[in-house]
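What follows is a set of notes on a single structure, which appears directly below.
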Amino acid sequence: MLTGKNIILGVCGGIAAYKTPHLVRLFKKAGANVQVLATASALEFVSELSLATVSRRPVLRDLFELEGPGDDDKTMHITLGEWADAFVIAPATANTIARLCAGLCDDMLSVCFITLRPDKPVLIAPAMDGHMYGSPSVRRNLAALAAQGCRLLEPASGELASGQCGLGRMPEPEAIVEAVGEMLRPAPASPLNGLNVVVTAGPTREKIDGVRFLSNYSSGKMGFAVAREAARRGAVVRLVTGPVSLVTPAGVERIDVESAAEMLEAASRFFGTCDLFIGAAAVADYRPEAPVQGKIKKDDAEMELRLVRNPDILGEFSAGRRPGQISVGFALETGGGIGYAREKLERKRLDLVAFNVYDGVSTGFEVDTNALTLIDRDGNVTELPVMPKDALAGQLLDSIEQLLPSR
Ligand code: PMT
């Protein structure tokens with residue numbers, strides 16, 4: 001996928017910079033040409049000589065460099081922007097993320113980011129201390145970069161150089177190379193192109209009182225993967241999501257909600273116009289009947305919580321839809337066969353149901369992988385084994401495309 005592709009790799013000053021010579025080697029092994037642009041502080045963490053040796057090109061840093069790939073008649077930052085097929089920033093620090101967001105142009109990395117041709121994909125792999133990653137300013141800047149079309153690669157969880165443990169590690173170089181290959185893979189000519197698609201994702205929260213709620217373990221990863229893939233195939237995607245800490249896929253309109261009632265209210269605005277509705281959210285089936293305003297004070301007595309049914313968002317869409325609108329649901333169980341999923345397909349009048357099992361290891365909630373059994377309205381069953389949620393989203397949409405009315 002990367003043979004002959006020109007990749008700009010922007011390296012920033014974080015401890016994960018030590019992994020970038022390996023990243024360059026992997027890109028080269030996949031057949032790509034790599035031009036490294038390093039910030040001054042990146043070279044405190046990784047040697048210029050290592051990066052130049054593995055990339056077989058001088059590392060560029062300063063704004064006024066004259067030697068580099070591309071057209072000799074143009075200034076370096078313009079030629080680089082034209083030469084590149086993709087721009088990867090890894091590790092991306094909070095400082096560089098803020099500078100890119102603000103449009104600063106004070107080194108080769110930032111100026112090339114601005115001069116990159118707008119149709120060229122950008123992948124940003126943030127790596128920093130967990131508190132920094134969660135800070136409102138970093139979240140805001142990342143959201144702004146995502147909104148302008150940059151693809152963000154979630155940092156991994158684990159031990160951090162700060163001594164903390166949590167989210168913030170740069171994803172492994174192999175994952176970055178795979179993501180770039182994915183970005184450069186030409187989008188298939190898809191029947192989804194131009195269709196309006198609504199995806200629900202994540203958990204809902206049902207208030208008990210001012211500080212407590214009922215919810216579940218959904219991370220939103222499955223629904224976000226489906227939304228990302230639908231957008232890649234050219235669909236106009238609205239993603240209605242419960243509270244999750246995921247970045248918005250490029251080109252997707254995101255609507256954040258909290259409770260099932262709010263999810264219904266947001267999703268139903270698109271019921272009339274959407275061509276395809278995909279319910280990947282883990283919507284709470286029940287909510288406390290009478291949530292309390294402030295914090296419930298404890299006493300020695302036992303407490304009873306009375307729950308009432310929540311609206312069935314997918315069911316309401318299916319029941320009211322016009323001919324040609326496609327309705328797809330997920331069915332999550334903790335074991336057992338596909339009987340429950342078949343029952344949901346019937347009861348919710350779906351065109352397709354994707355059955356998955358929460359095994360606490362590699363499928364269902366939270367994890368990056370899943371396995372699905374797809375059952376369609378004609379009774380066809382397709383087993384998809386454990387694989388990354390992104391890959392499953394592609395296979396799910398392949399199956400859904402077969403069900404779309406011909407245009
Ligand atoms: O978010 P992740 O951590 O990546 O995990 C992914 C997932 C396990 C949440 C996802 O793959 C999944 O299975 N989502 C549906 C989970 C679920 O709640 O299933 P269900 O069997 O309770 O609901 C059946 C269908 O009806 C679902 O499409 C659900 O979105 C929809 N529903 C359910 C209840 C309700 N009140 N309204 C709904 O729309």
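The values are calculated or read from the model by the stated rules, or taken from the named source; none is laboratory data. Everything numeric here is computed off the predicted structure, so don't read it as measured data. Glycine also receives a Cβ, built like all others from the backbone with ideal geometry; neighbour counts cover every protein chain displayed. These accessible areas exclude ligands, DNA and RNA; they are computed on the full protein's heavy atoms, side chains included. Shrake-Rupley method; radii C 1.70, N 1.55, O 1.52, S 1.80 Å.
At-a-glance table
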| quantity | calculated |
| --- | --- |
| Debye-sum result for the chain in log10 I(q)/I(0), which assumes one identical scatterer on each alpha carbon, at q = 0.11, 0.13 Å⁻¹ | -0.87, -1.11 |
| Amide hydrogen neighbours beyond the local backbone of Arg254, cut-off 5 Å, H modeled | Leu239 |
| Heavy-atom accessible area per residue - region 319-407, 1.4 Å, Å² | 50 Å² |
| Relative contact order computed over region 1-149 (Cα-Cα under 8 Å; 6+ residues apart), in percent | 25 percent |
| Theoretical ellipticity at 222 nm over the chain - DSSP helices of four or more residues, -39500 (n - 2.57) apiece, nearest 500 | -9000 deg cm²/dmol |
| Check: the chain dipole with +1 on Lys, Arg Cβ and -1 on Asp, Glu Cβ, in debye | 480 debye |
| Choice from Pro126, Pro291, Pro91 showing the highest fluctuation, given a GNM over the chain with Cα pairs closer than 10 Å | Pro291 |
| Relative contact order of the chain, defined on C-alpha pairs under 8 angstrom at six or more residues apart (%) | 11 percent |
| Total charge dipole magnitude, region 147-218, about the Cα centre, Cβ charges on Lys, Arg, Asp, Glu only, Debye to nearest 20 | 300 debye |
| Rh (Kirkwood; distinct C-alpha pairs) - region 78-132, Å | 11.7 Å |
| Accessible area (Å², 1.4 Å probe, nearest 10) - Cys105 | 60 Å² |
| Selected from Gly251, Phe113, Pro405, residue furthest toward positive end of dipole (the chain; charges at beta carbon) | Pro405 |
| Under-5 Å amide H pairs with Gly220, H placed in peptide plane, nonlocal only | Gly202, Glu366 |
| Most positive-pole-ward Cα, Ala301, Ser157, Ser218, against dipole of the chain from beta carbon charges | Ser218 |
| Ordering of 167-173, 226-232 by burial proxy (mean other Cβ atoms within 10 Å per residue, highest first) | 226-232, 167-173 |
| Lys, Arg +1 and Asp, Glu -1 on Cβ, resulting dipole of region 6-184 about Cα centre, debye, nearest 20 | 300 debye |
| Considering only the chain, percent of DSSP beta bridges that pair antiparallel, nearest 5 | 30 percent |
| In Å², nearest 10: area of Ile176 left accessible to a 1.4 Å probe | 0 Å² |
| Top of Leu396, Leu104, Leu192 by mean-square fluctuation, Gaussian network on the chain, Cα under 10 Å | Leu104 |
| Of Val59, Ala143, Asn95, farthest towards positive along the dipole that unit charges on Lys, Arg, Asp, Glu beta carbons give region 1-151 | Ala143 |
| ³J(HN,Hα) computed for each position of region 293-298 - Karplus, 6.51 cos²θ - 1.76 cosθ + 1.60, integer Hz, glycine/proline x | 5, x, 8, 5, 7, 7 |
| List Cys101, Cys12, ordered by accessible area with a 1.4 Å probe, largest first | Cys101, Cys12 |
